[in-house]
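S.K.: Mind looking over this structure? Questions follow.
Nothing in this text is a laboratory measurement; each read-out follows from the coordinates by a stated rule. From a predicted model like this one, the values you see are computed outputs, not experimental measurements. Note that we place each Cβ from the backbone using ideal geometry, even for glycine, and neighbour counts take in every protein chain shown.
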Amino acid sequence: MLIILLGPPGAGKGTQAERIVKEKQLAYIATGDMLRNAVKTATALGRKAKQFMDQGQLVPDELVVEIVRERLQDPDCAKGALLDGFPRTVSQAIFLEQVLPTVCSGIDRVFSIEVDEKELIERLTSRRVCSDCGASYHLKFKPPQVRNVCDQCGGDLFQREDDTLETVRERLQVYKNQTEPLVKFYQDKNLLERIDGNLEIDQVYKQIAGIIEKL
Ligand code: ADP
Ligand code: ADP
Ligand code: ZN
């Protein structure tokens, strides 16, 4: 099975992904997490990616497709995978179509998680992320049980450098210009499911799980 989560920054992709991969035992491929790790460990990729990420711009396609190509070869992807934050451009989507036949039978569903802009800004500017496992929290909507400590793994929570109001605005614009065209791209292929992401976390999950159930 191959599932793609599409949606603007703050839509809840990571939050939903955490539950879906656990429930469905899918490999989790989040290019944002992979890139942040590369920046943290200062690899060659990380050094190139950092400037783009800090500014809220996309990392160039040729860098991102290489990490996805490698990741798809890992043994855990054989039983199925969930892609979070990839593809983000039409050219990445075309790359995926070309590489997928060597990995699995193809894309099963693309979920477009749709949320109002005002809500996205509120979610992102109070988001906290686990430095160890990448789990997402929110100061108001999803606070951890112990302040600044991850419920899942006990790791420290931090605020992403790109979750400032200014960079968030830039990222939302980048989404509209470069990623939103993928909604139509996948709709034309009859793979798209629109999900109301304004609802509570459990309600959003129910919509997605209900569709995956029938695949
Ligand atoms: P994305 O991966 O799409 O950028 P996240 O899953 O990190 O989004 O969620 C963004 C922020 O919004 C986090 O702080 C998260 O806790 C919170 N959040 C996620 N889903 C919801 C929801 N349905 N309602 C309220 N807050 C949410
Ligand atoms: P969010 O959870 O807010 O949607 P991500 O964690 O997915 O953000 O991505 C953070 C940053 O990493 C992006 O702003 C971009 O710079 C970079 N990035 C992640 N995935 C991709 C991708 N598929 N193509 C290009 N850049 C990416
Ligand atoms: Zn954690």
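S.K.: Which of the three applies to the chain, rounded, prolate or oblate, going by the alpha-carbon gyration tensor with a ≥ b ≥ c and a/c under 1.5 meaning rounded?
M.R.: rounded
S.K.: Taking loop as defined by DSSP and a crowding limit of 14 other beta carbons within 10 Å, which trypsin sites (Lys or Arg not before Pro) in the stretch 167-215 fit?
M.R.: Filter output for the stretch 167-215: 189, 214.
S.K.: Give, in whole angstrom and from largest to smallest, the semi-axes √(5λ) of the equivalent ellipsoid of the stretch 1-96, with λ running over the eigenvalues of the Cα gyration tensor.
M.R.: Ellipsoid semi-axes (Å, largest first): 21, 15, 13.
S.K.: Normalised by the number of residues in the chain, what is the relative contact order in percent for Cα pairs under 8 Å and 6+ residues apart?
M.R.: The value is 30 percent.
S.K.: Mind checking which of 178, 99, 192 is farthest towards the positive end of the stretch 55-198's charge dipole, using Cβ charges of +1 (Lys, Arg) and -1 (Asp, Glu) about the Cα centre?
M.R.: Of the listed residues, the answer is 192.
S.K.: Looking at the stretch 1-112, how many pairs of lysines come closer than 15 Å at the Cα, when each pair is eight or more places apart or spans two chains?
M.R.: 5
S.K.: Determine the distance separating the Cα centre of the stretch 174-215 from the Cα centre of the stretch 135-167; give it in Å without decimals.
M.R.: Distance between centres, Cα-based: 24 Å.
S.K.: Ok, one more. Viscosity 0.692 mPa s, temperature 37 °C: give me the Stokes-Einstein translational D for the stretch 152-215 in µm²/s, with Rh taken as the Kirkwood radius over C-alpha pairs.
M.R.: Translational D for this selection: 219 µm²/s.
S.K.: Give me the dipole magnitude in Debye, nearest 20, for the chain about the Cα centre, with unit charges on the beta carbon: positive for Lys and Arg, negative for Asp and Glu. Numbers along the way, then the final one.
M.R.: On the way: 30 positive and 33 negative charges, 30 e Å.
I would put it at about 140 debye.
S.K.: Treat each spin label as a single point 7 Å out from the Cα along the C-beta direction, and report the residue 178 to residue 194 distance in nm.
M.R.: Roughly 2.5 nm, to one decimal.
S.K.: To continue, here is another question. The stretch 45-155: percent of C-alpha pairs farther apart than 24 Å?
M.R.: 44 percent
S.K.: Enumerate the whole-percent occupancy of each 10 Å bin, from 0 to the last occupied one, for all C-alpha pair distances of the stretch 1-51.
M.R.: With a bin width of 10 Å, the distribution comes to 23, 40, 32, 4.
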